[in-house]
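Let me begin by presenting the structure, written as structure tokens, before commenting on it.
Bear in mind these aren't lab numbers, they're just calculated from the coordinates by the rules spelled out. The structure displayed is predicted, hence computed values, not measured ones. Cβ placement follows ideal geometry from the backbone for every residue including glycine, while neighbour counts extend to all protein chains displayed.
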Amino acid sequence: MAKIDDEGFIEITGRLSRFSKIGGEMVPHLRIEEALLAIVEGDTESRKRERPEPTGEAPDSPTATTELKLVVTAVPDEKKGERIIVLHRPLGRPIAEIVKDLEQSGLPNLWLPSRDSFIEVEEIPVLGTGKLDLQAVQRLAREKTGTARPAAATKDNASSTPKEVQRQED
């Protein structure tokens, strides 16, 4: 997501992505969600058989449930670029247990959210279509963690503006 100001400068305002860049490595949110759901709900194969097929999405998609239990997103982090956050409804197990099981799941350590990265919420934001509202999820995570958006490029440090590009072509 970006916006262009009156002078033609481009400001990156964020991205709607199911990945985070942590310490230079791309971290897929869906893989973390799948591991967490397997831990919270038990055996994934029996869960697939028992759950009725939701509206228009693959039955094993974490966003396909009628009532989402959790979602993984990220907030800005000064040291690593981004920090994994898990927004969740009541999970029925202590977070410490879930984190311990997640550590045994085989996911790389860089992908593992810390205990303080689990934030209980009243509901997971979804669109009218039933799909995850990524913008609202990111906004909620920033609000709950007290983090702002990453600093956007300013006119003084912008590397290439449309006007500069146009001049270079002349």
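Here are some notes:
- Potential extension, L112-A148 segment - 0.36 nm per residue separation minus Cα distance: 10.8 nm
- For the pair E41 and R139, a Förster radius of 30 Å applied to the C-beta separation gives a FRET efficiency near 0.65, rounded to the nearest 0.05.
- Calculated from backbone phi, Karplus (6.51, -1.76, 1.60) coupling profile of region 103-109 in Hz, x at Gly/Pro: 4, 8, 7, x, 6, x, 4
- Greater than 24 Å apart at Cα, pairs in K69/K131; K69/K144; K80/K131; K80/K144: K80/K131
- For V126, the residues 5 or more places off, or on other chains, whose built amide H falls under 5 Å of its own are D133.
- Annotation: amide H-H contacts under 5 Å for F118 (H modelled 1.01 Å from N, sequence separation of 5 or more, or interchain): V86.
- Compared with the direct C-alpha span, the chain from R31 to R89 gains 19.0 nm at full extension, assuming 0.36 nm per residue.
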